[in-house]
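Take a look at the structure below.
The values are calculated or read from the model by the stated rules, or taken from the named source; none is laboratory data. Owing to the predicted nature of the structure, the values given are computational and were not obtained by experimental measurement. Reconstructed Cβ throughout: ideal geometry from the backbone, glycine too, with neighbour counts over all protein chains shown. These area figures cover heavy atoms from the full protein model, side chains too; ligands, DNA and RNA do not enter into them. Shrake-Rupley method; radii C 1.70, N 1.55, O 1.52, S 1.80 Å.
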Amino acid sequence: MTIHMEDLLNSIMESFDRIDYIKAADIPNIDLYMDQVTTLMESRLRSSARYPQQDKILTKTMINNYTKNNLLPPPLKKKYSREHVMILIFIYYFKGFMSISDIQTVLQPITERYFKKSDGLTLEDIYEEVFSLEKDQVEVLKKDVMDKFTRAQKTFEDSEDAEEDQAFLRFFAFICMLSFDVYVKKLLIEKLLDACTQVGAGSAGKGRKTAPQKETEEERE
């Protein structure tokens, strides 16, 4: 197995540039039907999918399940507002590493306090603020990945294995370093979610189910 690590790193760096972001200004100011919502999400987030030709960004079944599980407020006359779309975008990013129950824990206080709020701090204000912070992190993440890659390339230098085997071991070391980073951050997120549950996030967290809810097969379609 031959691994061209420099090419791989270049591909990883390019993937950072393909991470798309739907600005609040890009979300239509009119209410949308479900088909229009899925089309919007597909057109803007497709490039970040692992398998762009196969992965489902958002389906009608997913939207219905989110509403059923109290992650998404119900539509008004089968139409979804700009705020619905913002909540769906949060769900899209969270669902890769959170259970339905955990997403409910973190989003329910937001929807209860800020959905359809017109005065003071709005859901759109929160959306823009949070995503501006995440965009600022891209360069930091690039540097972190580059540092891990450099460190991984210095491993197994004293190994007597064949050059191809050493290359794979360095590849494995790189994956392990990235995985440990994800593992630690996931633990931190879980602790934060547990703390959110304990304090109840005001009155909003009281409705959270204690047992983690699994995605249905229909949602993963």
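Results, tabulated for the structure shown:
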read-out: Helix-only mean residue ellipticity at 222 nm for the chain, each DSSP H run of n ≥ 4 adding -39500 (n - 2.57), per residue, nearest 500; value: -20000 deg cm²/dmol
read-out: Entries of Lys23/Lys79; Lys56/Lys116; Lys56/Lys95; Lys143/Lys186 with Cα pairs more than 22 Å apart; value: Lys56/Lys116
read-out: Solvent-accessible ranking of Phe131, Phe168, largest area first, probe 1.4 Å; value: Phe168, Phe131
read-out: Summed residue charge, Cβ within 14 Å of Phe171's Cβ, Lys/Arg positive, Asp/Glu negative; value: -2
read-out: Sequence-distant residues sharing a close amide H with Lys117 (under 5 Å, placed H); value: Leu123
read-out: Size of charge dipole - the chain - debye, nearest 20, with Cβ of Lys, Arg +1 and Asp, Glu -1, no other charges; value: 1440 debye
read-out: Crossing angle, helix 82-94 versus the chain [Cα axis fit, 0-90 degrees, rounded to tens]; value: 30 degrees
read-out: Principal-axis tilt of helix 123-152 within the chain, Cα atoms, nearest 10 degrees; value: 10 degrees
read-out: Partners for Lys77 among aspartates and glutamates (Cα-Cα distance below 13 Å; same-chain residues under 8 apart left out); value: Asp31
read-out: Two-site FRET efficiency, Lys116 against Gln36, from Cβ-Cβ distance with R₀ of 25 Å, rounded to 0.05; value: 0.80
read-out: Between helix 34-45 and the chain: long-axis angle, C-alpha atoms, 0 to 90°, nearest 10; value: 30 degrees
read-out: In Hz, Karplus ³J(HN,Hα) per residue of the stretch 55-68 (6.51, -1.76, 1.60; θ = phi - 60°; x = Gly, Pro); value: 5, 8, 6, 7, 10, 4, 4, 4, 4, 4, 5, 5, 5, 4
read-out: Heavy-atom accessible surface of the chain: percent carbon and sulfur, 1.4 Å; value: 55 percent
